[in-house]
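S.K.: Would you mind keeping the following structure in view while I ask a few things?
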Amino acid sequence: MFWKSKKEVDIEEVNEVIHLSKNILKIVFVLIAALLIYIVTSLFHSWHVFEFIKNILSILSPLFIGFAIAWLLDPAVSWLKKKGVNRILGTMLVFILVLGGLGFLGYLIYPSLTEQINEVASSIPTLIENGTKMIDQLFVNLSHMSGYDLTDIKLQIFDTMNKFGTDLATSLPTLTMNIVSNIISGGVNLIFGIIVGFYMLFDFQNVRKHLFTFIPKKYHKEAARLVDQLNRILRSFIQGTLLIAGILFIFQSIGLTLAGMNAPLVFGLFCAITDIIPYIGPWIGGVPVVLIAFTINPMVGFLTLVSVLVCQTLENYFLQPIVMGKTMKLHPVTIMMGLLIFGYYFGIIGMIVATPLISTGKLIFQFLNEKYHFMDRINEENGRKNVEEEK
């Protein structure tokens, strides 16, 4: 029988203590980070910092839009330049192809999309009426099965639905004006953004050099390496996301058409846009579509449910692994926390940009940790203290 010496036992115990302390330290860091995020966001919210930031971003949005357009189209222009095409001519060709392609796609989809939006708007009273009948029948069946009178609950639901309809009718003119105003404002910003992006793309490499002038020269090499890593990850994420959304829009629209759903393009586009939000996006898009389908008739509802499930299965198990892989490399809990925080302060737009922003922050943190090794120093210091305490 093998007997361990007292020294070996002590070493094993110390190693176990060190391993346990490291795990506890990681948990403490996560809790401290969550607490700091909560405190900072609460202070920013009470000081209206987020509102100020939103106003600044709104004013500077054409500049950001232009930079994003130039950043996305730069690889195509650079590729043409390698083939011997002048950069100015290449920029014009890429812009003509992209804008022409989007315009042609809009020309094909816009009439049907407009018609289907009007169809959905005109069918809202019928949908509410059908939904009321379904709920009434559901409560009748539940009352018979349970033996309890559920009339009060049913009336409360009906009152809520009627109140929603009344509020919608009352606020519809104001809501319409706000939507029109936002569309016009967004359209103007988009036009200016396209113009800024067009001129920025002429000399995009020098734009990057100009940005580096704000960084001390001794850090230029490391900053360039960090920017290249961010470029690679964010570009892969955005291109993959847009490709998946486009494919999902096509398949979802076809599936909803075969299911007999009214306005399949509208609901297919809705599912594709909400799917950009990780984890909860498919639920945000799929559940309302299925509920609306069941108000038409049970068969359409069942077929719509099958269509949504098939498209989401295709997206989750085939498109995401093939197109995206593990580009962001984030833990699901981290993504969910980011969605909750960004969604609370910035709404749907915040939920859409949460994942790339968190991934960017993680990459910057890892880059700084590789350079300064502060996490290793903290772990070594913590392990040294534990060994001293054991002695």
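Coordinate-derived values only; no laboratory data. Computed from a prediction, not measured in an experiment: that's the story for all the values here. Because the Cβ atoms are built from the backbone with ideal geometry, glycine has one as well, and the counts that use them run over all protein chains shown.
S.K.: With unit charges on the beta carbon (Lys/Arg positive, Asp/Glu negative), name the residue among 279, 297, 267 whose Cα is farthest towards the positive pole of the charge dipole of the stretch 235-377.
M.R.: 279
S.K.: What is the spin-label model distance, in nm, from residue 250 to residue 206 if the labels are put 7 Å beyond Cα along the C-beta direction?
M.R.: Each label point lies 7 Å from its Cα, and together they span 4.0 nm.
S.K.: Mind scanning 81/371; 81/218; 133/163; 81/217 and naming the pairs with a C-alpha gap bigger than 25 Å?
M.R.: Violating the 25 Å limit, Cα to Cα: 81/371; 81/218; 81/217.
S.K.: Can you tell me the length gained on complete extension of the stretch residue 86 to residue 141, counting 0.36 nm per residue apart and subtracting the Cα distance?
M.R.: 12.5 nm
S.K.: Still on this model: Roughly how big is the stretch 226-374's charge dipole about its Cα centre, with Cβ charges of +1 (Lys, Arg) and -1 (Asp, Glu), in debye to the nearest 20?
M.R.: In total the dipole reaches around 300 debye.
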